[in-house]
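S.K.: To start, I am sharing the structure in question, which I have written as structure tokens.
Readers should treat all values here as calculations from the given coordinates under stated rules, not as data from a laboratory. It should be emphasised that the depicted structure is a prediction, and the values quoted were computed from it without experimental measurement. Please note: Cβ atoms are built from the backbone with ideal geometry, for glycine as well, and neighbour counts cover all protein chains shown.
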Amino acid sequence: MAVRTIEVRERVMARNDLLAAEVRRRLTDAGVVTFNLVSSPGSGKTLLLEKTLEALGEELDISVVTGDVQTQNDANRLARHTHRLVQAVVTGGACHLDASQITEALTEIELERTRLLFIENVGNLVCPAGWDLGETAKIVVFSVTEGEDKPLKYPKMFKMASYAVLNKIDLLPHVDFDVDRAIANALEINPTLRFFRTSARTGQGLHGWFDFLKTQVVPIPVW
Ligand SMILES: Nc1nc2c(ncn2[C@@H]2O[C@H](COP(=O)(O)OP(=O)(O)OP(=O)(O)O)[C@@H](O)[C@H]2O)c(=O)[nH]1
Ligand SMILES: [Mg+2]
């Protein structure tokens, strides 16, 4: 029994990887840069995206796919900050998005009018790490209320991410959180991880995040 379970999982992962490769090819051909935001529940992914859409939604032609286990709350929150369709994926229990859901979501996204695509994954610090969605990079959002040991306890997520957003820094005076230790822990897992320190609530540090996003999009060709 146990062996059969592993085989099934391997087949599912192999199929996901094929679909993800196809998603990546489509997005790359369309000149769309795609960031997959991953984190534990409540680290601030949606608020960070709300602020990002407000500041750069038009300038960078941002589209969003947002995944939740249940409810379309996040999609509704995000839709208030953009005139574009925010594509909600309700996983109905699954703890991560998969590439077939992104394939489906892309049928509704106007890729020719999109330069930057955000995927907000399901809040979970374990499951989304192993699932390729065809993104350009994973960005792990990590808040100061979670404890500085999280990169060591959930290493795969920090290993798979290219960037980390340390969010809720406005709460630092109120919590027992050692920023230097947290960053050192994350770099021990992934020495190339690049950090941003933000408060999506107060706006502190968001300029660095916005400047980074501006450097990532592919320029529109001038004929
Ligand atoms: N103080 C403070 N609160 C924040 C910050 N960012 C988000 N929050 C709050 O934290 C709570 C969770 O934020 P969300 O944006 O919903 O977090 P999320 O990661 O999208 O949550 P899930 O989608 O459920 O995983 C909300 O009450 C936010 O207002 C921040 O930088 N500082
Ligand atoms: Mg959210």
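S.K.: Which value, to two decimals, describes the C-alpha radius of gyration of the range 113-223 once divided by 2.2 N^0.38 Å?
M.R.: Ratio of Rg to 2.2 N^0.38 Å for the range 113-223: 1.14.
S.K.: So what is the relative contact order of the chain, in percent, for Cα pairs below 8 Å that sit 6 or more residues apart?
M.R.: Taking the mean separation of contacting Cα pairs over the length of the chain, I get 24 percent.
S.K.: By average Cβ neighbour count within 10 Å, what is the ranking of 154-161, 70-77 from highest down?
M.R.: Top of the packing list down: 154-161, 70-77.
S.K.: So what are the radius of gyration and Dmax for the Cα set of the range 17-56, in Å?
M.R.: Using the Cα atoms of the range 17-56, the pair Rg, Dmax is 13.5, 35 Å.
S.K.: Would you kindly derive the ³J(HN,Hα) couplings of the range 64-81 from the backbone phi angles with the Karplus curve 6.51 cos²θ - 1.76 cosθ + 1.60 (θ = phi - 60°), listing them in order in whole Hz, with x for Gly and Pro?
M.R.: Each residue's phi maps through the Karplus curve to give 9, 10, 10, x, 9, 5, 8, 6, 10, 4, 5, 4, 5, 4, 5, 5, 6, 10 Hz.
S.K.: Estimate the FRET efficiency between residue 90 and residue 153 by the formula 1/(1 + (r/R0)^6), using the beta-carbon distance for r and 30 Å for R0, to the nearest 0.05.
M.R.: It comes to 0.60.
S.K.: Could you give me the ³J(HN,Hα) list for the range 137-154, computed from phi with Karplus coefficients 6.51, -1.76, 1.60 and θ = phi - 60°, whole Hz, x at Gly and Pro?
M.R.: Karplus-based 3J(HN,Hα) across the range 137-154 equals 7, 8, 10, 8, 9, 9, 9, 6, 8, 8, x, 6, 8, 4, x, 6, 7, 10 Hz.
S.K.: Need one number for the chain: average projected area of the convex hull over its C-alpha atoms, nm².
M.R.: 13.2
S.K.: Near the amide H of residue 66, under 5 Å away, which other amide H atoms are found, from residues 5 or more places off or on another chain, if H is placed in the peptide plane?
M.R.: Distant-sequence amide H within range of residue 66: 87, 88, 89, 120.
S.K.: So who's got an amide H within less than 5 Å of the one on residue 143, skipping anything under 5 residues away but keeping other chains? H placed 1.01 Å off N, in plane.
M.R.: Close amide H contacts, sequence-distant or interchain: 167.
S.K.: What distance in nm lies between label points placed 7 Å from Cα along the C-beta direction at residue 192 and residue 107?
M.R.: Here the modelled spin labels are 3.6 nm apart.
S.K.: Additional query: What's the Kirkwood radius of the range 156-198 in Å, using all Cα pairs?
M.R.: Computed over Cα pairs of the range 156-198, the Kirkwood hydrodynamic radius comes out at 10.9 Å.
S.K.: How big is the Rg/Rh ratio for the range 126-176, C-alpha atoms only, Rh by Kirkwood, two decimals?
M.R.: 1.02
S.K.: If packing is taken as the mean number of other Cβ atoms within 10 Å per residue, what is the order of 198-209, 42-53, highest first?
M.R.: Going from most to least packed, we get 42-53, 198-209.
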